[in-house]
Structures are given as C-alpha cells and as structure tokens.
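Data first, discussion second: the structure below is written as structure tokens.
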Amino acid sequence: MGFDILHTEGQRQYLESLGLATFGVAKPPVESITGLSPTISLDQYLTNSSPRSTVGTSTEVYTYLRILFARLGHRPCSACGQNVPPAFDPANAEWADDPGPASGTAAADALPEETFPCPHCGAPIPEINMAHFSFNKPEGACPTCTGLGVVQEANIKLLVDEAKSIRDGAVLSWDDFYINHYGGTLLTAAAHCGIPFELDLPLKEYTLPQRDLLLYGVESPRFRRHFPDVEPPARVKDGRFEGVATALLRRYSDRIQDADYRDKMSEYLVSQTCPDCDGTRLRPESRAVTVAGQTIIPLTRLPLTELGDWLRDLPAALSADEMIVAEPVLDDLNERVARLVQVGAGYLTLERTSPTLSAGEAQRLRLAALLGSGLSGLLYVFDEPTIGTHQRDTRRLITVLRRLRDLGNTVLVIEHDLEMVAAADTVIDFGPGAGKHGGEVVAAGTLAEIVEQSGSLTADYLANRVSIPIPQQRRAPGDACLTIHGARENNLKNLTVRFPLGLLIAVTGVSGSGKSSLLFDILDTAVRQHLTKANDEPGEHDAIDGLEHLDKIVTIDQEHIRRMPRSNAATYTDTFTPIRKAFAETPEAKQQGYTTRHFSFNVPGGRCERCQGAGVLTVNMQFMPDVEVRCPACHGRRFTRETLAIKYREHDIAQVLEMTVAEALALFKDVPAAQSRLQVLSDVGLGYLQLGQPATTLSGGEAQRVKLSKELGRRVSGHTLYLLDEPTTGLHLADTARLLGVLQRLVEAGNTVIVVEHNLELVKVADWVIDLGPEGGAAGGWLIAEGTPEQVAQVAESYTGQYLQEIL
C-alpha cells in the first residue's frame, strides 16, 4: 500500500502535472485515489555502495568544509616555509622588508596566472579551490591510492612459507624451473648491492634488505631505501629482479578488466591503509592547509556533535575580513550538522564510508536532508525508520517526524515498533494474517480507538492483551565462556568482555556504541580464523579465551538477500534441491532418464524454453513500462508438458511451486532434507509464503526471515556459535515471538546465540545482557553493564537498563 500504490501513483501524478513523460512509471492496480499529494519515500535499502562516498559527501557537510578551507586556508610557502594567509588577507598586500631575490614589481608581474606572491619571499603561491580538498578529483586525491585511502597489497602469507628456504619451496608459486631461474637472478641482484643472500636459508631468518629484495624487487622503494646510492641493475642478467609481491600486483593491474582473473587473484590481495596519505585520501599539499590552526583531516574524524562545537567556536578565531567570507558557509554548515545530530546521527564522522552504514543510519542521513528542505504539502512514506535505533533515539525520531508533519506534510510510517505506532495520530492495521491471508484493513483510528477494536493483533499488543512473556527462570551461566581481552577496535576502550556459553545473549547499546566492532570485527573474525584458518585479521584486541569450546560459527548480518526475479524462498534456502531430487527419484522420472536438472527452471532440460522457465514473457513497450504476459507455450507453468507429467504424490513440479510452505510441509513429510528446511521457514512465521513467489515481491520482513531460515536451518550438533545482527528487523511482535522460539531451541540444543539488538521484547527474554555505551562514537566503547536483564535494569548509567526497568 505505502510504496507500490501511494508512492508510485503520487510520483506518477506529480510528474504528469509538470508535463513530464511518465512512460517509465507504471500505474498501480487501484481504481482511484483522491487527495493524493506528491510523494517522497525512504525505504530500508542502501543505494550507495561506492567506497568513494562518505557521510561527508552524501550529506554535503564535507562540501561546505571544502569551501571553507578553499577560501580561508593558511598554508606553508613551498619556498620559505612561512605561513601564507588567503589571497584576500591584508598581509598579502605588501611583502616583508626583505623579501629576498624574487622580490620587486617585475617579479610579481612575471608570476604565472592564478597565483599570488608569498608575502615573505615573493615566490609564486598557487590559488587553491574546492577541488584541492576533494579525494574524488585529481587536484586533491592522493596519487598513490587515487583518493580511496587504501591500497591493494599482496597477502604475503599466501605467497611464501616463512619456515622454508627458497630451494625447499618457500615461494609457493615457484617450481624447480623457476627456483633455478629466479634464484640466480636473486644472487646476482644481491651481489650488485653488496649484500649476502642464501637460497638455502629459511625466509624467517632473512634480514630486512634480503626480505625486501625477494618480495618487492630491486626497483621498489622498499628495497631502495636500504641502498639509496646504488643504481638498480637495468637488465635481468645483471640482477634486475621484479619481486614476488610486485609481480603479483603487476599481473593483477594488467588484467584488471578480466573479471574471472580479477576474482581469482583477489584471493591473494589484502586492502591496507595507504602508506603515503595514511588513509586520509588527500595530497600532502591539501593536508597542510589550516583554518584556525586546524587541518581538514582531524575535522573529518570528529563525531558530528564535536564538529558542531568546533564550528560554533570558529568565529572567535577569525578576523573581521575572514568572517565576511565565512559567515554564509558557516550558517549552512551549522544548520546541516544540527539536523544530523537531531536525527540521532551525531556519533558519525564525516570520513565514515557509505557502504559501512547500516540501513537505519543511511535512512537517518536522508531524513536529515528532508528536514532541511522545508517543503510542505507532501506525502512522506517511511519504511521502518526505527531500524537500528535504540529506544532512547526512537523518541527523538518521533519528534523529528512530528516536525515534518507540522510543516504541513502527511507522514506515513510503515512500522512495527509499538512506541512509534502509539505516537501516531492515526493507525491503520492490515491483516488479519500475512500473504494470501492478509490484505484487509482490520483496524483503523486513533490509538484509543483501535485498542478497543477486535480482530487486530497489533491492537492486542498495544493494549497488553497479548505480550511476549518474560521467562520465569533464566539459564544460569556456567564455567565455559568466551572472554575477549583488550578489545580496542574502532571506539572500544580496551575492554575485557565475557560471553557465557550455552545462553541466549543480547548485546545492546545506542547506535555507534561499539557493538558491531566487538561482535563482528573482533569475535566473528577471530572465531573463523581459529576454526577455518581464514585469512582475515580480527579487529584490534589482545587475546580471546575459550575458542576451544566451539565447533562451528554461523553469522547472520544485515545484508539484504539478492532480489532476483528467478530467486524465491525455495531456491534461496536450498529447499528446492531435495524437492527436485524427490521428483527425480520417482519411477516415472527414472524410466524417462530424468535427473534433478529436468526439474529446475534455471537450466535447460525440463523447463519451457520459450520463456526459459520464467513462466512469463516480457514485452518491450518502448517508452512505456515493460509488460509481462503469461507464456503461451507453458501457460505460465514454467516446464514442458513431459516434465509436468512426472508426479510426486499426485502433484507436478509446477503445483509444488504454487504451494505454501505449510502445504509443502505436509507433502514432503517423508523427505527429511526438504522437511527440515521447510520447518524452519514455518517456525519463523513464513508458513503462508508460496514456494515459488519471486524474491522481488518479498517485503523487508519476509526477506529478512527467508535469510534467517537459511542460516538457522543448517545442520548443527551443538557447540555452535550463532551471531545475529538485529534479527527482529522488519518483524511484527507476533513474528518476533516465533523467532524467539527458534532461537531458544538452538540454545536448548547446546549452542550459544548472541544477538545485537535494540528490540526490548527480545532483550527482556535473554539470559544475559551486555550493554555498551554510554553514547555513540568517541563517547562510547565502554562496558556499561552486564548480567541478567533484571541486573542491567538496576544500572542507572545504562540507557538500556532504564528502558528495561519500565517493562520488567
């Protein structure tokens, strides 16, 4: 209703009223809509995955900072090293008494265009502009990393075995021929530089120059730093050796356009902070420019709250002339930063890259932009704006949405959070069930009105007629535990944190408090490294005790499933594989020589080739939206007549795809592999979902549960660690209750489940809570409270504890 009908039709009618073409916007299936305003929507999905996009660039705060530094920047003169003020500064009107040999009118007249003379020595000083502070433009970008802040380096661990000598195969890609060929070149190169070199010595015993020669070659800066006065040999026979790591990077660069080769070689590469710009992305000249004694780099690393403080204090440090230039820029900057803080993004920094933002964080940045527009008469459609938001910030968010309403707009919020629902002026509840069992308005009105109406599950939860019960007895922690010592990744403050095993553990705290750094950057990566010898290095910490208690790890993050038209719940969870196998094992299929391939709509064999298993044909309507029509060959059934003649318990494969999960559970009760996967789908509340329903038509909550069921359905035998990042995202409280049942069964089976969660309905039933904070960003990263929910509720400094106290 919110997106497919109201937003789409509002957008279409607005474009039409402007006389613009609306061929690309399909009219939604609705008889009529009256009183519809132009619409703006914010959904759950991130749209910017570019590593060149940051919080600063996407909010334009960094753009205004660039203007400030381009207009007011002071920098050292490249000739005399003294401070050079901006071109308009009175200090540039005349030079010092003894400006040096480059002084005089003639020297000034000879200066190149777009320069002005240094007030101290008269040397030409080039003008600077905004581009010099942009890491996306050649004028400002670090030439080594081209403004990315990171460079690709060879993963030395995968190239050489430090315990072996070169003759024994230390270089893993060299056979006997290459050992003999390159070994001689290495010896010649070493003799050229006057250092000893042995092919029979283990690499771990090499000196730094010997190691740099082998890995990086005679022409590399890393090796030449040892012998700056020695000219490297020009020919191979004289000792010109490229280096093992350097050769790998060259081959990767040469074939960067070859996707298969690139993917293969990327296994041997790691991203490292750029050694020249130290991750700042900018040229040295740009990094040297200051405003009020501050360069632009530290400002991009400040939380937005602290950046706001610096901006407010800046006028006191500027001259009257500088304030004339700075005032309009500062007005815009202060307003933008204040809006970002207001929507709960004050802990973010300008240098934070867009791909690392959670869905909730990205949505808050866009909400701040909407606040600044000042538009009225619009219909705003928000898809679960409380995603990733702590209860403390939910109330702040409600205030922001009311401000949008008070500007003369209509705000439509698709939401499951009861506090947000209760704050609405009007509530419209759809149901009574989901999928084909829903689609009706079961309650509508003010909060007071709907709690009196029957037939609404949401109203039952709002009126406390139904609730998720608090456990009468929680599991007590035993002796076995995981303990992280000295966690210092990102904003973590050298924490020691204990995770009792065999419990349901909730890790809580306001956004940016360090939850993901602790759980995913450190714990997840360290456990994988321990169990599978993975190459990724865990976040900064001293040690982790208790890893020997674990046999397996399953991680479920916030990454959305790929919404492809050919993907559905059955294929994504791999439920369709045992179903196809069951069809292939029927006597009729064996008689025809059919295999599982014949029951797939994704590969040739048994599918309809007219529509290639899609069941529909797409008709190109030129400037109008494409139209899908039922395939005339298979009549929308996806498979050939011969394939559909094969039946499993009187059902063909097309009929199975039209079944709901609940119906398929009954049909395939004798196929354990399918039964177990279908059962998990049912357990997380997707019993109504059609197996063949395209992933493109799934709601956010449905997609989240399909993903959960895939991971939770994996076969385990106890001693498994489950890490879940906000698993209740997109779930109604009734679905949250079902999910809790699944998680509790995993714990009962001897596993450990750790969830990062803001939803207090889940937190209150956890056996153990670990609360980080107190704030986000630099003001976070401390262990505020740990223990049972009741114990955490008694800690006054814990925001989570304060809200737990209200519901326990």
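If the condition is being at pLDDT below 85 and among the basic types (Lys, Arg), then region 242-295 contributes ARG255, ARG262, LYS264. Looking for something under 20 Å from VAL400 (Cβ atoms), part of a loop (DSSP other than H, G, I, E, B) and modelled with pLDDT under 95 - is there at least one such residue anywhere in region 332-343? The answer is yes, given that some residue of region 332-343 is under 20 Å from VAL400 (Cβ atoms), part of a loop (DSSP other than H, G, I, E, B) and modelled with pLDDT under 95. Taking residues in region 147-162 that are farther than 18 Å from ASP212 by Cβ, and partners anywhere that are acidic (Asp, Glu) and surrounded by 16 or more Cβ atoms within 10 Å (Cβ to Cβ), the pairs with Cβ atoms closer than 9 Å and at least 6 places apart or on different chains are GLY149/GLU351. Restricting ARG75, ARG66 to those that are modelled with pLDDT of 90 or more and outside any helix (DSSP H, G or I) reduces the list to ARG75.
When LYS164, LYS137 are checked against the criterion of being among the basic types (Lys, Arg), assigned to a loop (DSSP other than H, G, I, E, B), surrounded by 15 or more Cβ atoms within 10 Å (Cβ to Cβ) and modelled with pLDDT of 85 or more, a single residue qualifies: LYS164.
Taking region 647-666 as the range and being farther than 17 Å from GLY433 by Cα, in a helix (DSSP H, G or I) and not acidic (Asp, Glu) as the test, the residues that pass are ILE653, ALA654, GLN655, VAL656, LEU657, ALA664, LEU665, ALA666.
Candidates are the residues of region 644-657 that are touching a residue at least 12 places away in the same chain (Cβ under 8 Å) and exposed (fewer than 14 other Cβ atoms within 10 Å of the Cβ); the one that is farthest from GLY615 (Cα to Cα) is ARG649. Here is the figure for region 532-555: residues that are surrounded by 13 or more Cβ atoms within 10 Å (Cβ to Cβ) and within 23 Å of ILE156 (Cβ to Cβ) total 6. Taking (1) in contact (Cβ under 8 Å) with a residue 12 or more places away in the chain; (2) farther than 28 Å from THR8 by Cβ in turn, THR39 satisfies each apart from (2).
Checked against (1) buried (at least 18 other Cβ atoms within 10 Å of the Cβ); (2) of a type outside the set (A, V, I, L, M, F, W, C); (3) more than 18 Å from the chain's Cα centre (by Cα), GLN558 passes all but a single condition, namely (3). Of the residues in region 512-525, none is in the same structural domain as ILE754 (by TED's automatic domain parsing), surrounded by fewer than 22 Cβ atoms within 10 Å (Cβ to Cβ) and in contact with a helix residue (DSSP H, G or I) (Cβ under 6 Å, 6 or more places away or on another chain). Listed by position, the helices (runs of 4 or more DSSP H) enclosed by region 667-785 include none that has at least 3 residues that are on the phi < 0 side of the Ramachandran plot and in contact with a Lys or Arg (Cβ under 7 Å, 6 or more places away or on another chain).
Here the condition is being of a type in the set (A, V, I, L, M, F, W, C) and closer than 18 Å to THR394 by Cβ; of LEU760, LEU783, it holds for LEU760 alone. Got at least one residue in region 278-285 being closer than 20 Å to GLU775 by Cβ and either of a type in the set (Lys, Arg) or not in a loop (DSSP other than H, G, I, E, B) (or both)? Within region 278-285 (the criterion being closer than 20 Å to GLU775 by Cβ and either of a type in the set (Lys, Arg) or not in a loop (DSSP other than H, G, I, E, B) (or both)), the answer is no, since none of the residues qualifies. Could you say whether any residue in region 207-214 is among the charged types (D, E, K, R), more than 30 Å from THR353 (Cα to Cα) and either in a helix (DSSP H, G or I) or in contact (Cβ under 8 Å) with a residue 60 or more places away in the chain (or both)? The answer is yes, given that some residue of region 207-214 is among the charged types (D, E, K, R), more than 30 Å from THR353 (Cα to Cα) and either in a helix (DSSP H, G or I) or in contact (Cβ under 8 Å) with a residue 60 or more places away in the chain (or both).
Would you please name the residue that is farthest from GLY360 (Cα to Cα), looking only at residues in region 514-547 that are among the small types (Gly, Ala, Ser), over 16 Å from the mean Cα position of the chain (by Cα) and at pLDDT 90 or above?
GLY546
Please determine, by comparing only the residues of region 389-410 that are among the hydrophobic types (A, V, I, L, M, F, W, C) and under 27 Å from the mean Cα position of the chain (by Cα), which one is nearest to VAL507 (Cα to Cα). Checked region 389-410; the qualifying residue nearest to VAL507 (Cα to Cα) is LEU397.
Per the listing TYR182, TYR178, TYR206, the residue uniquely of a type in the set (Phe, Trp, Tyr) and surrounded by fewer than 15 Cβ atoms within 10 Å (Cβ to Cβ) is TYR178. For beta carbons closer than 6 Å, sequence separation of 6+ or different chains, a first residue in region 521-542 that is in contact (Cβ under 8 Å) with a residue 40 or more places away in the chain and a second that is charged (D, E, K, R) and not in a helix (DSSP H, G or I), the qualifying pairs are GLY539/GLU489; GLU540/ARG488; GLU540/GLU489. In the set ARG301, ARG312, only one residue is touching a strand residue (DSSP E or B) at 6+ places or on another chain (Cβ under 7 Å), surrounded by fewer than 18 Cβ atoms within 10 Å (Cβ to Cβ) and either charged (D, E, K, R) or at pLDDT 95 or above (or both); that residue is ARG301.
Taking the numbered list (1) more than 30 Å from the chain's Cα centre (by Cα); (2) within 23 Å of SER50 (Cα to Cα) in turn, VAL329 passes all entries but (2). As a summary of the residue check, GLU702 satisfies the conditions (1) under 30 Å from HIS732 (Cβ atoms); (2) buried (at least 19 other Cβ atoms within 10 Å of the Cβ); (3) modelled with pLDDT of 90 or more except for the one numbered (3).
Kindly evaluate ILE398 against the criterion of being touching a residue at least 24 places away in the same chain (Cβ under 8 Å) and either surrounded by 22 or more Cβ atoms within 10 Å (Cβ to Cβ) or part of a strand (DSSP E or B) (or both). Against the criterion (touching a residue at least 24 places away in the same chain (Cβ under 8 Å) and either surrounded by 22 or more Cβ atoms within 10 Å (Cβ to Cβ) or part of a strand (DSSP E or B) (or both)), ILE398 does not qualify.
Rundown of residues vs (1) within 22 Å of the chain's Cα centre (by Cα); (2) crowded, with 24+ Cβ neighbours inside 10 Å, yes/no style:
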residue	(1), (2)
LEU712	yes, yes
ASP735	no, no
ARG745	no, no
GLU748	no, no
VAL769	no, yes
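The set of residues in region 401-426 that are of a type in the set (Asp, Glu), modelled with pLDDT under 95 and not in a helix (DSSP H, G or I) comprises GLU415, ASP417.
Determine whether LYS669 is of a type in the set (Lys, Arg) and in contact (Cβ under 8 Å) with a residue 40 or more places away in the chain. So LYS669 fails the test. Within region 790-802, is there a residue that is part of a strand (DSSP E or B) and either within 24 Å of GLY512 (Cβ to Cβ) or among the charged types (D, E, K, R) (or both)? Checking region 790-802: not a single residue is part of a strand (DSSP E or B) and either within 24 Å of GLY512 (Cβ to Cβ) or among the charged types (D, E, K, R) (or both).
The values are calculated or read from the model by the stated rules, or taken from the named source; none is laboratory data. No experiment lies behind these values; they were computed from the predicted model shown. Quick reminder, even Gly has a Cβ in these numbers, built from the backbone with ideal geometry, and neighbours come from all protein chains shown.
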